[in-house]
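See structure below.
The values are calculated or read from the model by the stated rules, or taken from the named source; none is laboratory data. Model, not experiment: these values are computed from the prediction. So basically every Cβ, Gly included, is an ideal-geometry build from the backbone, and we count neighbours across all protein chains shown. Keep in mind that these areas ignore ligands, DNA and RNA; they rest on the heavy atoms of the full protein, side chains included. Shrake-Rupley method; radii C 1.70, N 1.55, O 1.52, S 1.80 Å.
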Amino acid sequence: MTRVEFDQLVEGLEEKFRGRKDALTRSSISWAMFGYVVLSVAIVCSLALLAGCVFFIILHPNVVTIKFGAVLGIAAGALSLTLIRSLWNRLHPPQGKEITRDETPALFGMIDDISDAAGGVRFHKVLLTNDLNASVVQLPLAGIFGMHRNYLSLGLPLMDALEPEEFKAVLAHEFSHLSNKDGSTGNWIYRMRMTWERAADGIFQKEGFLIAPLKKFFVWFWPRFNARAFVLSRSNEYQADAFAAKVTSPATSARALQRVDLRARHLEDVFWKNINLRVADEPLPPLAIYGEMRSFLKADPEPAAASRWLSHAFSLATGTSDTHPSLSDRVKALGMPVDSRWIPTLREHASDALLGPEFSARAREAFSGEWHQFVLEDWQSSHRSRAESRDKLQELTPTTEGGDSGETGWQRIILRLEAEGIDSVFPALRDYAIRHPEHKEASFTTASYLLEHDDPSGLRIMERLAEDPMDTLQCLGAMAAYHDRQGNHDAVREMKRRADLHDERMNSAMHARNNLTKRDTFLPHGLDEEKIGEIRELLAGEKSVRTAWLVRKEHQEFANWSHYILAVDLRFPWYRFTSDNDVRRVLQRLVDGLKLDGYILVIRDEKENKPICKKIRSQQPEGAIYTVR
């Protein structure tokens with residue numbers, strides 16, 4: 001099922017079950033149980049087939065029965081193991097610092113108030129984390145027999161970013177996911193989705209005649225079950241928002257949603273970007289990063305930036321990449337106006353009111369120490385790298401008054417990007433990309449920056465880069481994100497349609513490039529002597545290579561995407577045992593060492609490849625590029 005078809009399925013289910021959540025829940029459970037039954041039957045049948053093969057060999061032992069029974073039995077056993085592993089979907093408790101009622105009485109007083117409103121939801125552990133987020137997790141201790149343990153995770157940065165009543169709205173939203181049986185059903189459906197995703201991943205990685213029917217079933221079943229579970233999860237999000245508005249108020253709940261979205265963007269685009277720039281000058285990471293973050297969150301974002309970020313957030317449409325509805329749909333569902341103007345200045349931090357200044361300060365210190373140790377090695381490595389970049393930058397002199405050109409110019413830009421960040425380097429980067437349109441990295445970086453800053457001129461560059469099949473999906477994704485932020489939802493759907501079409505073409509192209517037949521047509525390699533010389537040096541480094549032929553295969557799909565085939569004759573010393581792994585390692589080293597602009601396939605001139613290699617030699621005698629005399 002394509003992305004567009006899945007979107008249409010989700011939209012259809014939302015319309016069908018609008019205002020009928022109980023029916024949607026029953027439908028989701030029915031599909032989950034149907035899939036579970038099929039999976040269980042497949043396991044039983046594969047185990048029975050394995051047992052039958054064993055008894056067949058025991059009762060009728062001969063060469064034919066042993067060979068036939070072993071092949072069939074191994075296939076059945078492998079299938080059983082794959083399916084059983086897919087059902088073993090263990091969830092681990094969330095990580096964080098456990099906090100108690102005695103340490104934070106004000107927080108637990110708020111938790112008790114919301115718990116009463118939610119019908120008595122209780123948590124076995126309340127954890128404090130270093131995330132700008134809050135979440136609940138329900139883990140079954142006895143599998144299908146229940147005995148759940150409930151965990152509530154609260155992010156200290158989230159509490160620093162919100163007022164107490166706004167944080168209460170977020171907290172109430174999370175409580176709702178465990179109230180009125182929503183939690184047990186939702187968590188069960190969530191685990192079922194994980195089970196089926198895991199099963200699908202395992203099955204599609206396997207080959208064989210026994211697993212083929214299951215693959216077809218998964219292709220049909222998974223998107224249809226996933227769509228129902230997806231719509232149910234989204235319905236639960238709206239229900240949780242409504243409960244949060246009931247516990248606080250619609251205005252408070254809507255303001256909390258907006259402030260969380262805005263602060264996340266503020267931290268990403270300003271705070272963490274500035275921290276990253278400090279790597280160049282500071283040999284060690286900050287010791288009090290979460291204290292710095294707390295101070296940062298005290299100040300309002302720059303008004304123009306805040307308005308732009310909120311406008312972006314409100315422009316995003318509800319899609320199928322996330323079960324959460326879009327910010328605009330959530331605010332509208334609360335009955336509040338969608339307004340991208342800056343929300344009121346933070347008057348009081350929820351962390352101070354609910355944890356107390358002293359406790360929250362100790363928690364920030366502890367989280368800062370953990371973060372310092374976590375990033376220390378990478379920070380020091382990046383600091384040394386940027387110091388080396390500065391030294392190299394001083395050695396490189398611009399070749400023109402107006403800017404750099406050639407490879408030296410690109411090296412200067414790369415070094416400046418590491419040392420100064422993209423904002424200050426962008427004019428030089430854009431100038432380089434204009435003068436060197438063939439330089440894909442420069443063009444993509446330029447186009448990405450333009451689109452991220454709402455400049456539509458980046459679209460033209462991205463469209464040109466998308467012509468390369470290896471870059472198409474990345475470019476379509478960048479353009480879809482731009483159109484989504486601008487509210488161009490028809491353009492987003494068009495990007496998805498093109499992505500689906502590209503996937504189909506790419507699957508066809510990759511199948512053709514990974515499979516060679518005697519019907520294929522082979523073309524001259526088309527490389528100059530300098531490049532052939534480099535390839536000969538690579539081949540000379542592999543003592544087992546005796547001869548090598550280099551050609552291109554003709555393709556109808558993505559004809560401009562060159563497909564190089566290197567056919568090698570390998571000879572190993574007679575006195576040395578050579579395994580298939582030895583051969584694979586030689587072929588892989590050749591693939592890694594070939595620096596060609598196109599798809600590369602290296603084959604050995606033996607067994608099933610003999611007819612193909614013979615045709616390569618007959619069609620392209622000039623393809624012989626290496627021979628050991």
Test result for LYS595, modelled with pLDDT under 90, closer than 30 Å to GLU467 by Cα and of a type outside the set (Ser, Thr, Tyr): yes
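Select, from ILE66, ILE58, ILE84, the only residue that is in contact (Cβ under 8 Å) with a residue 24 or more places away in the chain, among the β-branched types (Val, Ile, Thr) and over 30 Å from THR318 (Cα atoms).
On the way: ILE66 fails: in contact (Cβ under 8 Å) with a residue 24 or more places away in the chain; ILE58 fails: in contact (Cβ under 8 Å) with a residue 24 or more places away in the chain.
Just a single option satisfies the conditions, and that option is ILE84.
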From LEU450, LEU473, which residue is among the aliphatic types (A, V, I, L, M), modelled with pLDDT of 95 or more and either surrounded by fewer than 19 Cβ atoms within 10 Å (Cβ to Cβ) or assigned to a helix (DSSP H, G or I) (or both)? LEU450
Cβ-Cβ distance below 6 Å, separation of 6 or more or different chains: which pairs start in the range 287-306 with a residue that is under 21 Å from GLN380 (Cα atoms) and end on one that is assigned to a helix (DSSP H, G or I) and of a type in the set (Ser, Thr, Tyr)? ALA288/SER368; ILE289/SER368; TYR290/SER368
Go through (1) at pLDDT 80 or above; (2) of a type in the set (Val, Ile, Thr); (3) loosely packed, with under 14 Cβ neighbours inside 10 Å; (4) not in a loop (DSSP other than H, G, I, E, B) one by one and return the number of the condition THR100 breaks. (4)
Looking for whichever is assigned to a loop (DSSP other than H, G, I, E, B), open to solvent by 40 Å² or more (accessible area, probe 1.4 Å) and among the charged types (D, E, K, R) here; the options are GLU268, GLU197, GLU292, GLU282. Which one fits? GLU282
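Going by what's in this entry, would ARG584 be described as open to solvent by 30 Å² or more (accessible area, probe 1.4 Å), charged (D, E, K, R) and closer than 19 Å to GLU606 by Cα?
Values: open to solvent by 30 Å² or more (accessible area, probe 1.4 Å): yes; charged (D, E, K, R): yes; closer than 19 Å to GLU606 by Cα: yes.
Yes.
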When residues of the range 378-408 are limited to those that are over 13 Å from PRO283 (Cα atoms) and either modelled with pLDDT of 85 or more or among the aliphatic types (A, V, I, L, M) (or both), the one surrounded by the most Cβ atoms within 10 Å (Cβ to Cβ): LEU393
List the residue pairs whose Cβ atoms are under 7 Å apart, where the first residue sits in the range 343-357 and is in contact (Cβ under 8 Å) with a residue 24 or more places away in the chain and under 14 Å from ALA161 (Cβ atoms), the second is in a loop (DSSP other than H, G, I, E, B) and not small (Gly, Ala, Ser), and the two are 6 or more positions apart or on different chains. THR345/ASP300; LEU346/GLU163; ARG347/GLU163; GLU348/GLU163; ALA350/LEU162; ALA350/GLU163; LEU354/THR104; LEU355/THR104
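Restricting to the range 434-447, count the residues that are open to solvent by 10 Å² or more (accessible area, probe 1.4 Å) and part of a helix (DSSP H, G or I).
Number satisfying all stated conditions: 6.
Tell me, which residue of the range 529-556 that is more than 18 Å from LYS614 (Cβ to Cβ) and open to solvent by 60 Å² or more (accessible area, probe 1.4 Å) is modelled with the lowest pLDDT?
GLN556
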Is there a residue in the range 555-568 that is assigned to a loop (DSSP other than H, G, I, E, B), out of contact with any helix residue (DSSP H, G or I) (no Cβ under 8 Å at 6 or more places or on another chain) and of a type in the set (Phe, Trp, Tyr)? no
Tally, over the range 115-165, of residues that are in a strand (DSSP E or B) and either at pLDDT 80 or above or farther than 30 Å from GLY369 by Cβ (or both): 19
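If the requirement is being part of a helix (DSSP H, G or I) and either closer than 24 Å to ALA363 by Cβ or open to solvent by 60 Å² or more (accessible area, probe 1.4 Å) (or both), which of these qualifies: ALA313, ALA256, ALA306?
None of the others qualify; the one that does is ALA256.
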Just one of (1) in contact with a strand residue (DSSP E or B) (Cβ under 6 Å, 6 or more places away or on another chain); (2) modelled with pLDDT under 90 trips up HIS525, so point out which. (2)
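Looking at GLN373, GLN411, which is the one that is at pLDDT below 90, open to solvent by 50 Å² or more (accessible area, probe 1.4 Å) and outside any loop (DSSP other than H, G, I, E, B)?
GLN411
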Going residue by residue through the range 31-46, is there one that turns out to be of a type outside the set (A, V, I, L, M, F, W, C), surrounded by fewer than 14 Cβ atoms within 10 Å (Cβ to Cβ) and at positive phi? no
Quick one: is HIS555 touching a residue at least 40 places away in the same chain (Cβ under 8 Å), in contact with a Lys or Arg (Cβ under 6 Å, 6 or more places away or on another chain) and not aliphatic (A, V, I, L, M)? no
Hits in the range 204-221 (condition: modelled with pLDDT of 80 or more and open to solvent by 50 Å² or more (accessible area, probe 1.4 Å)): PRO213, LYS216, VAL219, TRP220
Please identify the pairs in which a residue from the range 414-426 that is open to solvent by 40 Å² or more (accessible area, probe 1.4 Å) has its Cβ atom under 7 Å from the Cβ atom of a residue that is at pLDDT below 85, counting only partners at least 6 apart or on another chain. ARG416/LEU393; GLU418/ARG386; GLU418/SER389
Look at the range 316-336 and say how many of its residues are modelled with pLDDT under 90 and open to solvent by 60 Å² or more (accessible area, probe 1.4 Å). 4
